[in-house]
């Protein structure tokens, strides 16, 4: 197996994933840093590693991620989508555990733009008759 490259997106975060067979144990590097250095919160680390846990491939692959844009949660979910897509390229049977968790669908929700004449996208200024 050679290197597999995929892309995951969420809100304004874009993650480029490179999946290679592991030499010793599976390492995850995000922007050339270890996952624990880049993402401090364990809930987001669990989000990123969830596709690996579902397919029981934690130690099989080295993952290199280049991610930019968005916040920590958006980046974590973009990385999760990219890893799930890469694992599906490795083995098509991995789609079965991903389907109930909706890991292969891109969440298209984005922040709505601010409109003129309003204080935010939908919020209006206070109305007064006089």
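Readers should treat all values here as calculations from the given coordinates under stated rules, not as data from a laboratory. The shown structure was predicted, so the numbers you read here are calculated from the model rather than taken from an experiment. Don't worry about glycine lacking a Cβ; one is built from the backbone with ideal geometry, like all the others, and counts go over all protein chains shown.
Diagonalise the Cα gyration tensor of segment 82-130 and give the resulting equivalent ellipsoid semi-axes, square root of 5 times each eigenvalue, largest first, whole Å.
Numbers: eigenvalues 421, 22, 4 Å².
Here the semi-axes work out to 46, 10, 5 Å.
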(message) Which three numbers, in whole Å and largest first, are the semi-axes of the equivalent ellipsoid of segment 25-78 derived from its Cα gyration tensor as √(5λ)?
(response) 18, 13, 10
(message) With just the Cα atoms defining each centre, how far is segment 15-40 from segment 78-110? Give it in Å.
(response) 18
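With a 10 Å Cβ neighbour count serving as the proxy for reagent exposure, in which order, fewest first, do 11, 33 appear?
Details: 11 18, 33 12.
Going from least to most buried by this count: 33, 11.
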(request) Order by neighbour count: 119, 128, fewest other Cβ atoms within 10 Å first, most last. (result) 128, 119
(request) Among 13, 46, 76, determine the one that fluctuates most according to a GNM of the chain built with springs between C-alpha atoms less than 10 Å apart. (result) 46
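What value, in deg cm²/dmol to 500, does the helix sum -39500 (n - 2.57) over DSSP H runs of n ≥ 4 give at 222 nm once divided by the residues of the chain?
-9500 deg cm²/dmol
For the residues 77, 37, what sequence is obtained by ranking on other C-beta atoms within 10 Å, fewest first? Spell out each step's value before the answer.
Values: 77 23, 37 11.
Ordered by Cβ neighbours within 10 Å, fewest first: 37, 77.
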(request) Please build a GNM for the chain, connecting alpha carbons under 10 Å apart, and tell me which residue among 81, 41, 104 fluctuates the most. (result) 41
(request) Only Cα pairs under 8 Å and at least 6 apart count here; give the relative contact order of the chain as a rounded whole percent. (result) 31
